[in-house]
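Presented below is the structure to which this report refers.
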Amino acid sequence: MANLEWLDFVTFFGWFIAIYMCGVIVFYGIILFFSVVQLRKESQLDRDQAYMEYTNEIYTKPVSIIVPAYNEEAGGVQSVRSLLSLNYPLFEVIVVNDGSKDQTLEKMIDHYEMKEITKVIRKQLVSKPIRKIYQSTLLPNLYMIDKENGGKADALNAGLNFSNYPYVCSLDGDSVLENDAFLKVMKPIIDSDEEVIASGGSVRIANGCEIRDGHILKIGISDHPLVIMQIIEYLRAFLMGRIGLSRHNLLLIISGAFGVFSKRWVIEAGGYKTDTVGEDMELVVRMHRLIKEKGLKKKVVYVPDPVCWTEVPEDMTTLRRQRSRWHRGLFESLWAHRKLTLNPKYGSIGFVAFPYFWLVEFLGPIVELSGYLFVLLCLFLGGSYFEFAILILLLSLLYGSVISMAAVLLEEWSLTKYPQVRNIVKLFLYSLTETIWYRPLTVLWRCEGIWQLIKRDKSWGEMKRKGVSQ
């Protein structure tokens, strides 16, 4: 009798996993459909003509670019150089040296001939004490704040206090922007008459690209399998997930690597929180919450074309720490604003976005890990359970590899950032293998993030950088 009850439980659990995965696949299919529609609409535009008028200062809005820098001596100077040559009429670059222990500060001062200045700062957000402020004698729109270490969020708050312009861009210290990235990411903000309060662009992987003096000379792909799988993962996240969610104002994440915000709304929302590892998502959620509570019609959008290139981990240890940290950050943002979940006051954010992020993004790794263990159990039990194992494996293939292959094809069809056919073929072939090895690894690392939450482990984990620029 007990054995029969056990087998009934196994069957029930198997059907639960299968139904869950079918639901997620259907949801991804819907998002893919909306992404294809949106990208097709944009592909029919004359892009050069569409952005030409924004090169005139009369039609644009000035932007303060804030670059938090902690131990960025490997690529910091080159990244700033790429920012200073952007095709945008009016902007300032504010590098915030967050108590670096390497030569970040000295290299910046020497390379850009920076001198100490005195300036009164309106402290609207709390941040660690500022030691000194520097301005380049060569480029008057380049500043550097030297402050005590307080973390990325604290550095961004210091930069916000110092900034002079109504729109601010948060940018990672190792990022390299395409020359017209700001024209493209600012277009929806300028066109919307302040209805759009935040705009995010695509983030692509610089490992394998030829970069010199902060400029992309040749787009390429690294031969490292971990890097290739991250390229596919980024394509899937940005080209599918964010386009689909943005279309209906359901976007809860703008990457900390590249996003533009209305300074007024960031400050009204309270700036960046320093007690979370997911400060970028938490701010976007808080801004959504604020505008819903005020009964205003504001939007947070994603623009697929403007691209920011950034370095990603090439070793298992660093990547594992990053993914565990990201998952903890996801939970912290969702939990801090849990009252939005299924709350009619917050409309589609409460009824669609939050349930999706809870059930798919946060709890998904637990269900997937259970699925892998269930397959092993079914193989051990044999008989009809072996057929159940095949079903789960096929669903996993759809859940992972097939959707990733669709993202690769979507990239080639729409944006073609990888011009060489062999690069697309390589990405396509690697995406076939995702379910076999890479996805199980990321599932384990994300589950580790959940375990760290249970243990209340708030460690950050070091991000080792080689420096992608030459």
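The values are calculated or read from the model by the stated rules, or taken from the named source; none is laboratory data. Everything quoted here is computed from the prediction, not taken from an experiment. All Cβ positions, even for glycine, are placed from backbone atoms using ideal geometry, and neighbour counts span all protein chains on display. We work out accessible area using only protein heavy atoms, side chains counted, and drop any ligands, DNA or RNA first. Shrake-Rupley method; radii C 1.70, N 1.55, O 1.52, S 1.80 Å.
Could you tell me whether Arg320 is in a helix (DSSP H, G or I), closer than 30 Å to Ala74 by Cα, touching a residue at least 12 places away in the same chain (Cβ under 8 Å) and more than 15 Å from the chain's Cα centre (by Cα)? Steps first, please.
Numbers: in a helix (DSSP H, G or I): yes; closer than 30 Å to Ala74 by Cα: yes; touching a residue at least 12 places away in the same chain (Cβ under 8 Å): yes; more than 15 Å from the chain's Cα centre (by Cα): yes.
Criteria met by Arg320.
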Considering each residue of segment 380-434, count those that are of a type outside the set (Gly, Ala, Ser), farther than 19 Å from Ile31 by Cβ, open to solvent by less than 30 Å² (accessible area, probe 1.4 Å) and assigned to a helix (DSSP H, G or I), and give that number. 5
If I go through segment 222-261 residue by residue, how many of them are surrounded by fewer than 21 Cβ atoms within 10 Å (Cβ to Cβ) and of a type in the set (Val, Ile, Thr)? 1
Check off (1) over 14 Å from the mean Cα position of the chain (by Cα); (2) modelled with pLDDT of 95 or more for Val284 and give me the number that stays unchecked. (1)
Looking at segment 172-214 only, could you name the residues that are open to solvent by less than 20 Å² (accessible area, probe 1.4 Å), more than 22 Å from Arg247 (Cα to Cα) and either at pLDDT below 85 or among the aromatic types (Phe, Trp, Tyr) (or both)? Gly173, Asp174, Ser175, Val176, Ile211, Gly214
Within the set of pairs 6+ apart or on separate chains, which have a first residue in segment 64-86 that is of a type in the set (D, E, K, R), a second that is buried (at least 19 other Cβ atoms within 10 Å of the Cβ) and modelled with pLDDT under 85, and C-beta atoms under 7 Å apart? Glu72/Gly173; Glu72/Asp174; Arg81/Gly214
Just to be sure I understand, how many residues within segment 105-123 are farther than 16 Å from Asn141 by Cβ, touching a strand residue (DSSP E or B) at 6+ places or on another chain (Cβ under 6 Å) and in contact (Cβ under 8 Å) with a residue 40 or more places away in the chain? 1
Can you tell me which condition Val126 does not meet? The list is (1) at pLDDT below 95; (2) open to solvent by 40 Å² or more (accessible area, probe 1.4 Å); (3) under 21 Å from Pro62 (Cα atoms), and all the others hold. (3)
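What are the residues in segment 282-297 that are of a type outside the set (Val, Ile, Thr) and open to solvent by less than 40 Å² (accessible area, probe 1.4 Å), if any?
Within segment 282-297, Glu282, Leu283, Arg286, Met287, His288, Leu290 qualify.
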Quick check on Val96: is it at pLDDT 75 or above, aliphatic (A, V, I, L, M) and farther than 17 Å from Ile133 by Cβ? no
Considering segment 18-76, residues that are in a loop (DSSP other than H, G, I, E, B) and of a type in the set (Ser, Thr, Tyr), and then whichever is modelled with the lowest pLDDT, we arrive at Thr60
Might you check whether a residue that is at positive phi and modelled with pLDDT under 95 occurs anywhere in segment 160-170? no
